[in-house]
Amino acid sequence: EVLLGDLAGAKTEELKSAIEDGLPVLAICGGYQMLGQYYKTWDGAQCDFTGALDLYTIGSKDRMIGNYMFTCDELNCEIVGFENHSGKTYLGAGVKPMGKVLAGFGNNGEDGTEGARYKNVFGTYSHGSLLPKNPVLCDFILQTALNHRYDGAEPLAPLDDTLELNAHRYMQERLSHNG
């Protein structure tokens with residue numbers, strides 16, 4: 001667990017250095033926000049975060065909640081998930097979105113982006129079953145971690161993803177008809 005007091009100390013510098021060295025990081029919701037510069041509440045109080053990524057979050061009185069779907073251009077696929085946040089995240093220079101929102105709100109409900117990609121960092125608002133319902137993304141993150149740890153790592157052997165892909169397709173269809 002990362003505590004707010006830890007965000008200004010040596011752990012932050014270690015995290016920044018590891019990210020710059022290509023450490024794979026999967027950060028979801030609050031963890032995603034904490035990789036940014038700061039979080040400013042809807043009433044103006046500011047919490048400074050790690051600054052590991054050039055992004056910031058502004059709180060809103062309204063929550064962005066529900067099932068959602070976004071493209072993952074890097075993998076040429078769609079990601080399904082569940083979002084529940086009131087923070088609106090805005091990306092700075094050098095940070096790309098993971099993709100474009102097809103249904104739901106994404107980073108801020110305004111610019112159509114979702115998540116953040118920087119080096120080997122994957123930041124997203126996708127809670128819950130992100131990895132089980134998105135085996136293509138899961139495999140990519142695992143392979144990225146293996147490649148970082150073991151120079152020239154062998155590709156992962158394929159697994160039977162039938163159940164995961166069925167859950168993924170079900171959510172895709174549901175969101176396509178309701179989105």
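The values are calculated or read from the model by the stated rules, or taken from the named source; none is laboratory data. Please read these numbers as outputs of a predicted model, since none were measured by experiment. Cβ coordinates were reconstructed from backbone atoms using ideal geometry, including for glycine residues, and neighbour counts include every protein chain displayed. All accessible areas refer to the heavy atoms of the entire protein, side chains included, with ligands and DNA or RNA removed. Shrake-Rupley method; radii C 1.70, N 1.55, O 1.52, S 1.80 Å.
Remarks
- Residues located in the stretch 131-157, provided they are under 21 Å from the mean Cα position of the chain (by Cα), free of Cβ contacts under 8 Å to residues at least 60 places away in the same chain, farther than 25 Å from Tyr170 by Cβ and open to solvent by less than 50 Å² (accessible area, probe 1.4 Å): Gln143
- Within the stretch 120-130, the set of residues being crowded, with 19+ Cβ neighbours inside 10 Å and in a loop (DSSP other than H, G, I, E, B) comprises Tyr125, Ser126, Leu130.
- Taken together, the residues in the stretch 160-179 that are open to solvent by 80 Å² or more (accessible area, probe 1.4 Å), free of Cβ contacts under 8 Å to residues at least 12 places away in the same chain and farther than 19 Å from Cys72 by Cβ amount to 3.
- Every residue from the stretch 93-118 that is surrounded by fewer than 22 Cβ atoms within 10 Å (Cβ to Cβ) and polar (S, T, N, Q): Asn108, Thr113
- Output for the stretch 60-84, where each listed residue is surrounded by fewer than 18 Cβ atoms within 10 Å (Cβ to Cβ), more than 14 Å from the chain's Cα centre (by Cα) and more than 16 Å from Met98 (Cα to Cα): Ser60, Lys61, Asp62, Arg63, Ile65, Gly66, Asn67
- Residue pairs meeting the criteria (Cβ under 6 Å; at least 6 apart or on separate chains; first touching a residue at least 12 places away in the same chain (Cβ under 8 Å), in the stretch 67-83; second part of a loop (DSSP other than H, G, I, E, B) and surrounded by fewer than 16 Cβ atoms within 10 Å (Cβ to Cβ)): Phe82/Gly128
- Exactly one residue among Tyr150, Tyr118, Tyr125 is aromatic (Phe, Trp, Tyr) and modelled with pLDDT under 95, and that residue is Tyr150.
- Checking each residue in the stretch 12-30 for being more than 17 Å from the chain's Cα centre (by Cα) and either over 19 Å from Lys119 (Cα atoms) or open to solvent by less than 50 Å² (accessible area, probe 1.4 Å) (or both) picks out Thr12, Ala18.
- Residues in the stretch 31-56 that are under 20 Å from the mean Cα position of the chain (by Cα) and either among the charged types (D, E, K, R) or surrounded by fewer than 14 Cβ atoms within 10 Å (Cβ to Cβ) (or both): Gly31, Lys40, Asp48, Asp54.
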